[in-house]
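Notes follow the structure.
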Amino acid sequence: MEDNNYFAHETAVIDDNCEIGNGTKIWHFSHIMSNCTIGEKCNIGQNVVVSPQVVLGNNVKVQNNVSIYTGVICEDDVFLGPSMVFTNVINPRSAVNRKEEYMKTIVKKGASIGANATIVCGNNIGKFSFIGAGSVVTKEIPDYALVVGNPSKQIGWVSEYGHRLIFSEDNLATCKESGQKYRVENEKVLRVK
């Protein structure tokens, strides 16, 4: 199916009342459910489910086999790796309806989540952070943090380009690709203007 402002493969299912931005591509066997918002220039891979009321910003890349459940908001430039998943109920039971208990999870601008990672609901992902493949996130992730493992734990910091930052004794680091400078202040990383 083609539209004037976005592309959807003929096998994709797009329910009513969705907002889909210019230049977005939706690939094979994906299901975009009602009342969700997808920004401009997004790429929704094969076999992706975008549940009702999900919000994806501009230039969000969703790889194959990803489930994005109600309560998730992804800001601009987020990367969701293959087969990663979000949850939206902290204590699911098949016989107990908990739709009124969905928790919100915000993935902030520029964050990357690796293949097969799981994000437990209610834990926001900081801007430009990097979640390693297979990680299980069970707590808030700070901006620029590099986290790995199950449960995930922070092992360092990354730049906006995704390169590991090595800080000097005076708490300054430079991204080798961009030349951007960063500093650590109160256990947070800030980009130096």
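Among the residues of segment 44-81, those that are outside any strand (DSSP E or B) and β-branched (V, I, T) comprise V48, V54, V60, V66, T70, V78. Per this entry, K127 is not counted among residues that are under 9 Å from the mean Cα position of the chain (by Cα), closer than 18 Å to V158 by Cα and assigned to a loop (DSSP other than H, G, I, E, B). The single condition among (1) at positive phi; (2) surrounded by 13 or more Cβ atoms within 10 Å (Cβ to Cβ); (3) modelled with pLDDT under 95; (4) not hydrophobic (A, V, I, L, M, F, W, C) that E187 does not meet is (2).
Under the condition of being assigned to a strand (DSSP E or B), touching an Asp or Glu at 6+ places or on another chain (Cβ under 9 Å) and farther than 19 Å from N43 by Cβ, the residues counted in segment 103-124 number 1.
For segment 1-22, check the following and say yes or no: at least one residue is within 25 Å of K104 (Cβ to Cβ), under 18 Å from the mean Cα position of the chain (by Cα) and polar (S, T, N, Q). Within segment 1-22, not a single residue is within 25 Å of K104 (Cβ to Cβ), under 18 Å from the mean Cα position of the chain (by Cα) and polar (S, T, N, Q). Just one of (1) surrounded by 18 or more Cβ atoms within 10 Å (Cβ to Cβ); (2) under 16 Å from the mean Cα position of the chain (by Cα); (3) among the hydrophobic types (A, V, I, L, M, F, W, C) fails for V136. It is (1). Just to be sure, is K41 assigned to a loop (DSSP other than H, G, I, E, B), among the basic types (K, R) and either within 26 Å of Q154 (Cα to Cα) or more than 12 Å from the chain's Cα centre (by Cα) (or both)? In short, yes. E100 meets each of the listed conditions (1) modelled with pLDDT under 95; (2) assigned to a loop (DSSP other than H, G, I, E, B) apart from (2). Pairs are defined by a Cβ separation below 7 Å, a sequence spacing of at least 6 or placement on different chains, a first member in segment 88-109 that is surrounded by 10 or more Cβ atoms within 10 Å (Cβ to Cβ), and a second member that is in a helix (DSSP H, G or I) and modelled with pLDDT under 95; the pairs so defined are V89/E101.
Among the residues of segment 138-186, just one is within 22 Å of M84 (Cα to Cα), among the basic types (K, R) and part of a loop (DSSP other than H, G, I, E, B), namely K139. Note on segment 143-174: among residues that are touching a strand residue (DSSP E or B) at 6+ places or on another chain (Cβ under 8 Å) and free of Cβ contacts under 8 Å to residues at least 12 places away in the same chain, the one that is nearest to K127 (Cα to Cα) is G156. Only a single criterion out of (1) under 22 Å from I125 (Cβ atoms); (2) surrounded by fewer than 16 Cβ atoms within 10 Å (Cβ to Cβ); (3) of a type in the set (A, V, I, L, M, F, W, C) is not satisfied by V72, namely (2).
The values are calculated or read from the model by the stated rules, or taken from the named source; none is laboratory data. Just so it is clear, the structure is predicted and the values come from calculations on it, not from any experiment. Cβ: placed from backbone, ideal geometry, glycine included. Neighbour counts: every protein chain shown.
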